[in-house]
Amino acid sequence: MRLLAALALLALGACATAPAPAPRWSIVVHGGAGVIERANLTPDVEAQYRAAMQRALTTGGSILEAGGSSVDAVEAVIREMEDDPLFNAGRGAVFTAEGRNELDASIMDGSTRAAGAVAGVTVVRHPISAARAVMERSRHVMLVGSGAEAFARTQGLEIVEPGYFFTERRWQQLEQNLRANNLPIPQRPAGAPPAPRAENAWPDDHQFGTVGVVAYDTRGNIAAGTSTGGTTGKRWGRVGDSPVIGAGTYAQNGVCGVSATGTGEFFIRVGVARDICARMQFNGESAQEAADHVIAEVGAALGSDGAAGDGGVIVLDGRGTAAWAMNTPGMYRATQTAGGTPVIQIFADEE
Ligand code: ASP
């Protein structure tokens, strides 16, 4: 009898401390952070972004539901977002001061901590696939510029004319940025349509729109990836955090997956993605606590012009629980777990 009571007590104790079961799979996505406010987003544009975030969940969710890997889900969702001119990645990327699109991307497989990245590529249609090829089919982690493009060709990845990435909206943003900085406006790129007579009417003035995905699959493997055109009017081969493993992207099974977006210089200095994971691994912080702490650090870091760092992160913990944090007025973001309802948010104050 006493033995039975003791066993019952033990069982009760185990129930009280057992964590909630992990979802079979989960995914979290971002489409960039910045000055995204209700006042400067028309209902139509807002609906376009919400629909794009829903598409991302559907694409990633169906791969994970079918037992596909987190790496496959991350790549597939980012490829779709790279093709979507709404986002600053692939087609629709922002322009450099010279009027070029220089694209950066990275991916990490948390099951092996293998990683791949490309930076400053101008002709690869899907930079995220080039990053994955670097991870899986080379001995390296990061390839840049013409070397990365030569590698992408050897891997049979799709190559496009630089004009493929052109969008009028991003060109107008570049012209505004260069005028404000008293810099010359370059010629429109070859293959771009002729300049419209009326100024482009895109209502947002934020320069971001990077995309990122973190996925947790039915085998418990976590992967993370990020893809971007960088920041409008960048010069001198500037590269931000997105292709830097540990800054813009990180994944480690049982611990975390992270993708960041924001002013990359600060995210590199703070080592955002790896710091979030280290806090979760060694300090016992939850994904939300770690994300909040590290975004506060980004906001406390000052640039040479005195401006503070800004942006946001999406995070999954080792069991697929999602969190996000930002210090900007908005971040396009969405998450879903197996059998759950999608959560799609834009403005910082949305619950
Ligand atoms: N983090 C990117 C960069 O600095 C930009 C962004 O996320 O919007 O290149």
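The values are calculated or read from the model by the stated rules, or taken from the named source; none is laboratory data. Here the structure is a predicted model, which is why all the values come from computation and not from measurement. Cβ: placed from backbone, ideal geometry, glycine included. Neighbour counts: every protein chain shown. To get the accessible areas, we keep the full protein, side chains included, count just its heavy atoms, and leave off ligands, DNA and RNA. Shrake-Rupley method; radii C 1.70, N 1.55, O 1.52, S 1.80 Å.
Look at (1) small (Gly, Ala, Ser); (2) touching a strand residue (DSSP E or B) at 6+ places or on another chain (Cβ under 6 Å); (3) not in a helix (DSSP H, G or I) and you find that Gly99 fails only one, number (2). Contact map, region 176-195: first residue free of Cβ contacts under 8 Å to residues at least 60 places away in the same chain and over 11 Å from Phe95 (Cβ atoms), second residue open to solvent by 50 Å² or more (accessible area, probe 1.4 Å) and not small (Gly, Ala, Ser), Cβ cut-off under 6 Å, separation 6 or more or different chains; pairs are Gly191/Glu161.
Could you look through region 42-71, keep only residues that are over 20 Å from the mean Cα position of the chain (by Cα) and among the charged types (D, E, K, R), and pick out the one that is surrounded by the fewest Cβ atoms within 10 Å (Cβ to Cβ)? Looking at the filtered set, the residue picked out is Asp44.
Of the helices (runs of 4 or more DSSP H) lying entirely inside region 106-209, those containing at least 1 residues that are over 25 Å from the mean Cα position of the chain (by Cα) and at pLDDT below 95 are 168-180. Report yes if some residue within region 302-317 is small (Gly, Ala, Ser) and within 23 Å of Pro23 (Cα to Cα); otherwise report no. For region 302-317, residues small (Gly, Ala, Ser) and within 23 Å of Pro23 (Cα to Cα): absent. Inspect all residues belonging to region 81-92 and state whether any of them is out of contact with any His (no Cβ under 6 Å at 6 or more places or on another chain), at pLDDT 95 or above and in a helix (DSSP H, G or I). The answer is yes, given that some residue of region 81-92 is out of contact with any His (no Cβ under 6 Å at 6 or more places or on another chain), at pLDDT 95 or above and in a helix (DSSP H, G or I). Of the residues making up region 22-48, those that are within 16 Å of the ligand (Cβ to nearest atom) and at pLDDT below 95 number 5. Among the residues of region 60-69, the one identified as farther than 13 Å from Thr337 by Cα and either part of a helix (DSSP H, G or I) or among the aliphatic types (A, V, I, L, M) (or both) is Ala66.
Could you please let me know if Gly257 is within 9 Å of the ligand (Cβ to nearest atom), crowded, with 24+ Cβ neighbours inside 10 Å and at pLDDT 95 or above? In short, no. Annotation note: Cβ proximity below 6 Å between a residue of region 234-246 that is on the phi < 0 side of the Ramachandran plot and among the β-branched types (Val, Ile, Thr) and a residue that is more than 8 Å from the ligand (Cβ to nearest atom) and open to solvent by 50 Å² or more (accessible area, probe 1.4 Å) (sequence gap 6+ or interchain) occurs for Val244/Ile268.
Scanning region 307-326 for residues that are in a loop (DSSP other than H, G, I, E, B) and at pLDDT below 95 yields a total of 3. Residues of region 72-93 that are open to solvent by less than 30 Å² (accessible area, probe 1.4 Å) and within 16 Å of the ligand (Cβ to nearest atom): Ile78, Met81, Glu82, Asp84, Leu86, Phe87, Asn88, Ala89, Gly90, Gly92, Ala93.
Per the listing Val298, Val315, the residue uniquely crowded, with 17+ Cβ neighbours inside 10 Å and either within 18 Å of Met108 (Cβ to Cβ) or without any contact (Cβ under 8 Å) to a residue 24 or more places away in the chain (or both) is Val315.
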